[in-house]
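Here the structure comes first, spelled out in structure tokens, and everything after it is commentary.
The values are calculated or read from the model by the stated rules, or taken from the named source; none is laboratory data. All figures in this text were calculated on a predicted structure; none of them were measured in a lab. Glycine also receives a Cβ, built like all others from the backbone with ideal geometry; neighbour counts cover every protein chain displayed.
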Amino acid sequence: MCELLAMSTLQAAHLTFSLEALASHSGISCSNRDGWGAAFYQGHDVALFREPVAASESPLVRLLTQQGPATTLAISHIRRATLGVVSLANTQPFVRELAGRMHTFAHNGHLPGIAASPTLAFDRYRPVGDTDSEHAVVTQFAAVLRPLGPANFLYSDGEFLYAHGHRRIHPATGRIEPPGLYWLSQHCSPAASPLMAQGVVVLPELQAVTLIASVPLSSADWKPFAEGEIVVVSAGVVITRVV
């Protein structure tokens, strides 16, 4: 099953350990080997990197973990193809412009009924690829997606990060069940040492960091999403949680 990773911070930071940990989940013994992508917000625009190859074998991923752009908001994805061929067009995250903002979307799950759903019919905007995830991005409503299958997703308009946790396949049991996502928040005062262990490296200044991922990427106290929970993050701080 695909995996997701997002970061929201108060001060610009670099994805390091967390991106590396996510990429390791696409190794030889893993199923998420059909593509990877990472979107880094840079002001009103997005620096987007994608490849239809396994992240664990990508020199570009290694470069990004060492020299990737500093950002206050990033969304990343590793893919297991369930619908749509392995191609760049079907590789997430998907980025589209709407009303002068760059919107980023990444989905984890399988929505077999989405093409026939009358409430998610195409209108003005059309997908570039042929995945169920990109169909969802143009008319995404969590309450509509949930009945169609596991619907974990990350979405941002550049200011807010929205995360919806539903269900996912858990390797230990083989069952599709919650939690679909986990989140972790950290705060760093000016007197503290640089924050590194949870996936970012920043200078010792006032900092707030929230990470969201399909599975915990460290030994820290990651909190599971309730089934159907939506978490809204801004500048590294969780501002809303709705179940």
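Observations on the model:
- Taking the criterion of being more than 30 Å from GLY174 (Cα to Cα) and part of a loop (DSSP other than H, G, I, E, B), the residues of region 30-44 that qualify are GLY43, HIS44.
- The residue that is nearest to the chain's Cα centre (by Cα), counting only those in region 48-59 that are surrounded by fewer than 23 Cβ atoms within 10 Å (Cβ to Cβ) and assigned to a helix (DSSP H, G or I), is SER56.
- Note on region 224-237: among residues that are within 16 Å of the chain's Cα centre (by Cα) and in a strand (DSSP E or B), the one that is nearest to LEU181 (Cα to Cα) is PRO224.
- Among the residues listed as LEU60, LEU4, the single one being of a type in the set (A, V, I, L, M) and free of Cβ contacts under 8 Å to residues at least 12 places away in the same chain: LEU60
Okay, residues lined up against (1) of a type in the set (A, V, I, L, M, F, W, C); (2) closer than 21 Å to PHE153 by Cβ; (3) under 17 Å from the mean Cα position of the chain (by Cα); (4) assigned to a loop (DSSP other than H, G, I, E, B):
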position: VAL46; (1), (2), (3), (4): yes, yes, yes, no
position: VAL61; (1), (2), (3), (4): yes, no, yes, no
position: GLN66; (1), (2), (3), (4): no, no, no, no
position: THR72; (1), (2), (3), (4): no, yes, yes, no
position: SER76; (1), (2), (3), (4): no, yes, yes, no
position: LEU83; (1), (2), (3), (4): yes, yes, no, yes
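- Scanning region 205-222 for residues that are under 28 Å from PRO171 (Cα atoms) and surrounded by fewer than 16 Cβ atoms within 10 Å (Cβ to Cβ) yields SER218, SER219, ALA220, ASP221.
- The set of residues in region 72-97 that are of a type outside the set (Val, Ile, Thr), more than 23 Å from GLU57 (Cα to Cα) and either in contact with a strand residue (DSSP E or B) (Cβ under 7 Å, 6 or more places away or on another chain) or in contact (Cβ under 8 Å) with a residue 40 or more places away in the chain (or both) comprises LEU73, ARG96.
- Sole exception among (1) farther than 30 Å from ALA99 by Cα; (2) touching a Leu at 6+ places or on another chain (Cβ under 9 Å); (3) modelled with pLDDT of 90 or more for HIS164, by number: (1)
- Residue match in region 212-220 (condition: over 17 Å from the mean Cα position of the chain (by Cα), modelled with pLDDT under 90, among the hydrophobic types (A, V, I, L, M, F, W, C) and assigned to a strand (DSSP E or B)): no
- Here ARG33 passes the criteria (1) in contact with a helix residue (DSSP H, G or I) (Cβ under 7 Å, 6 or more places away or on another chain); (2) closer than 23 Å to ALA89 by Cβ except the one numbered (1).
- Among the residues making up region 8-29, a single one is closer than 26 Å to THR240 by Cβ, small (Gly, Ala, Ser) and in a helix (DSSP H, G or I): SER18.
- Complete set of residues in region 118-161 that are surrounded by fewer than 19 Cβ atoms within 10 Å (Cβ to Cβ), of a type in the set (A, V, I, L, M, F, W, C), at pLDDT 60 or above and not in a helix (DSSP H, G or I): PHE160
- Boolean, SER76 is closer than 14 Å to ALA213 by Cβ and surrounded by fewer than 21 Cβ atoms within 10 Å (Cβ to Cβ): no
- Of everything in region 16-38 that is surrounded by 24 or more Cβ atoms within 10 Å (Cβ to Cβ) and within 14 Å of ALA70 (Cβ to Cβ), the residue that is modelled with the highest pLDDT is ALA38.
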